[in-house]
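Colleague: Here it is, the structure in full.
The values are calculated or read from the model by the stated rules, or taken from the named source; none is laboratory data. All of these numbers come straight from a predicted model, not from anything done at the bench. No Cβ is skipped: glycine too gets one built from the backbone with ideal geometry, and neighbour counts run over all protein chains shown.
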Amino acid sequence: MTAARIRAALASALLIATPLAAQTTAPARFVAAADVQAQIEAMAKAMKPGQGFAWQPLVQADGHVAALEIWKAPGRPAVHPADAEYVMVVDGAGTMISGGTLADAKPTRADLTEGSRIVGGTTRSLKPGDVFLVPAGVPHWFGITGERLVLLGTKLPAAR
């Protein structure tokens, strides 16, 4: 290999490695368990009588958000056409129906289609510690079986 090719290979390696090194210099975003609980309680306290849902970011990085959701009443069955949803149950109890077909589907935003019910989905009970991933385009719905259902979730763009 000639000296010119070696220099070109080293320059290419540095160009490739530089963005990777830059990505690893920032620490992970972190929220301690006590702060998560404090945010949940503050969100719950701020909810108005009859308000069935609250959403608030918990950590953010690189355009991605992991957010807390408090459900005190069931929402509408929904589909996120271009995003998967990765979720962990933090507190409370509920039911999830996923899969099947969304009946009476109507787009409400570019990233959300809602319907009246799910036909033919799978029902699961939810409790703290449960983790699930709803693929992009899959109908899902949450019911509440206790006082509230608290979720920590993030949207994941579908592979393109």
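Colleague: List every residue pair whose Cβ atoms sit under 9 Å apart, with the two residues 6 or more apart in sequence or on different chains, where the first one lies in the stretch 112-128 and is without any contact (Cβ under 8 Å) to a residue 40 or more places away in the chain and at positive phi and the second, anywhere, is surrounded by 12 or more Cβ atoms within 10 Å (Cβ to Cβ) and not small (Gly, Ala, Ser).
Modeller: 120/101
Colleague: State all residues of the stretch 51-106 that are among the β-branched types (Val, Ile, Thr) and touching a Pro at 6+ places or on another chain (Cβ under 9 Å); if no residue qualifies, say none.
Modeller: 65, 79, 89, 90, 95, 97, 101
Colleague: Turning to a different aspect of this structure: Among the residues of the stretch 49-103, count how many are among the aromatic types (Phe, Trp, Tyr) and farther than 12 Å from residue 148 by Cβ.
Modeller: Of the stretch 49-103, the ones among the aromatic types (Phe, Trp, Tyr) are 53, 55, 71, 86.
Going one step further and asking which of them are farther than 12 Å from residue 148 by Cβ, we end up with 55, 86.
Result for the stretch 49-103: 2.
Yes/no matrix, rows are residues, columns are (1) assigned to a strand (DSSP E or B); (2) at pLDDT 95 or above; (3) among the β-branched types (Val, Ile, Thr):
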residue	(1), (2), (3)
51	no, yes, no
55	yes, yes, no
75	no, no, no
88	yes, yes, no
91	yes, yes, no
124	yes, yes, no
129	no, yes, no
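Colleague: State all residues of the stretch 57-73 that are assigned to a loop (DSSP other than H, G, I, E, B) and within 25 Å of residue 31 (Cα to Cα); if no residue qualifies, say none.
Modeller: Quick first cut of the stretch 57-73, residues assigned to a loop (DSSP other than H, G, I, E, B) only: 62-63, 72-73.
Those that are assigned to a loop (DSSP other than H, G, I, E, B) and within 25 Å of residue 31 (Cα to Cα): 62, 63, 72.
Colleague: Report yes if residue 89 is buried (at least 17 other Cβ atoms within 10 Å of the Cβ), of a type outside the set (Lys, Arg) and under 18 Å from residue 54 (Cβ atoms), otherwise no. Reasoning before the result, please.
Modeller: On the way: buried (at least 17 other Cβ atoms within 10 Å of the Cβ): yes; of a type outside the set (Lys, Arg): yes; under 18 Å from residue 54 (Cβ atoms): yes.
Yes; evaluated as a whole, the condition is true for this residue.
Colleague: Within the stretch 85-121, which residues are more than 20 Å from residue 71 (Cα to Cα) and among the hydroxyl-bearing types (Ser, Thr, Tyr)?
Modeller: 101
Colleague: Of the residues that sit in the stretch 107-122 and are modelled with pLDDT of 95 or more, in a loop (DSSP other than H, G, I, E, B) and in contact with a Lys or Arg (Cβ under 9 Å, 6 or more places away or on another chain), which one is surrounded by the most Cβ atoms within 10 Å (Cβ to Cβ)?
Modeller: Only one residue tops the list, namely 115.
Colleague: Let me ask something else. In the stretch 95-123, how many residues are of a type outside the set (Gly, Ala, Ser) and over 18 Å from the mean Cα position of the chain (by Cα)? Steps first, please.
Modeller: Let us first name the residues in the stretch 95-123 that are of a type outside the set (Gly, Ala, Ser), namely 95-97, 101-102, 104, 106-109, 111-114, 117-119, 122-123.
Cutting the leftovers down to over 18 Å from the mean Cα position of the chain (by Cα) gives us 101-102, 104, 106-108, 117-119, 122-123.
The qualifying residues number 11.
Colleague: Here is a follow-up. Would you mention how many residues in the stretch 145-159 are crowded, with 19+ Cβ neighbours inside 10 Å and of a type in the set (Val, Ile, Thr)?
Modeller: Qualifying residue count for the region: 1.
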